[in-house]
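Notes follow the structure.
The values are calculated or read from the model by the stated rules, or taken from the named source; none is laboratory data. Just so it is clear, the model here is predicted, and its values are computed rather than measured. Positions of Cβ are backbone-derived with ideal geometry, glycine not excepted, and every protein chain shown enters the neighbour counts. Ligands, DNA and RNA are stripped out before the accessible areas are found, and what is left, the full protein with its side chains, is counted by its heavy atoms. Shrake-Rupley method; radii C 1.70, N 1.55, O 1.52, S 1.80 Å.
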Amino acid sequence: MNSMLYERTGLSTNKHAVLNSDVKQADLKAENIFRNAYMLEFLGLEEKDIYTESDLEHGIITHLQTFLLELGRGFCFEARQRRITFDNTHYRIDLVFYHRILKCHVLLDLKIGEFTHADAGQMNVYLNYYKENEMHEGDNPPVGIILCASKNENLVRYATSGLPQQVFVSKYLINLPSEDELAQIIEEERRRLG
C-alpha cells in the first residue's frame, strides 16, 4: 500500500513493466498485490436499496474474467462456495483463488454491508483451516480478503492486527464515484498514508 503499487499499476499503460520493476526492487509481498478499493462497475448491478451477497457473487462469477483483471496479475480461480465442515456444521468460503506468483491460496469473503470484527474472526477460521488442511509443500500461508461495501479503518486495524495470517479488508464500489467523491477518497488516502 505504501508503495502505491496498485495505483501506479492501474494508471500505467504498461502494467507488466511496472509490476516487473517493482518485483526487482523488493520482495514480492501480499500487501503490495491487493488493492484497497476494487471497482466492480463492470458487474452491471442496478442501484437498489438491498443487495444480497449471492447477488454480488453471481455478478462476479458471471464476469469472472473481468473480475480477475480487476484483482490483478497472478490470480487463478479455484472454487465458489467452498464448503468446509467442523463437527457436522458446514461453512462456505465465498470464492477461493490461488495466486501463482505469491504461491498461496487467497480466500475471498463477500460482505454487502460494513465490515464488522466478526468478519475478521470468520476469515481467521477459514485461513487456519486452509493452512492446516489445504497447503502443499512449497505453498505460502493463505491470505484472506474481506470485500465489503464500507469499513471503519480503526475497527479494521484492531480486528486484524495480531492475527497469525494476513487479512486484508477492501472496499468495493459498484459505480464510479463522482469527481467530488473521488477527490475526497484521494484526500482521505493521502491523510491515512501520509
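Computed over protein heavy atoms with a 1.4 Å probe, the accessible surface of the stretch 110-194 works out to 58 Å² per residue.
Rolling a 1.4 Å probe over the protein heavy atoms leaves Glu188 with an accessible area of roughly 90 Å². Apolar share of the accessible surface for the stretch 124-194: 47 percent from carbon plus sulfur atoms, 1.4 Å probe. When all protein chains stay in place and ligands, DNA and RNA are ignored, the 1.4 Å accessible-area order of Ser170, Ser54, largest first, is Ser54, Ser170.
By a 1.4 Å probe calculation restricted to protein chains, Glu153 has an accessible surface near 70 Å², given to the nearest 10.
Placing +1 on the Cβ of every Lys and Arg and -1 on the Cβ of every Asp and Glu, with nothing else charged, gives the stretch 47-194 a dipole about its Cα centre of roughly 440 debye.
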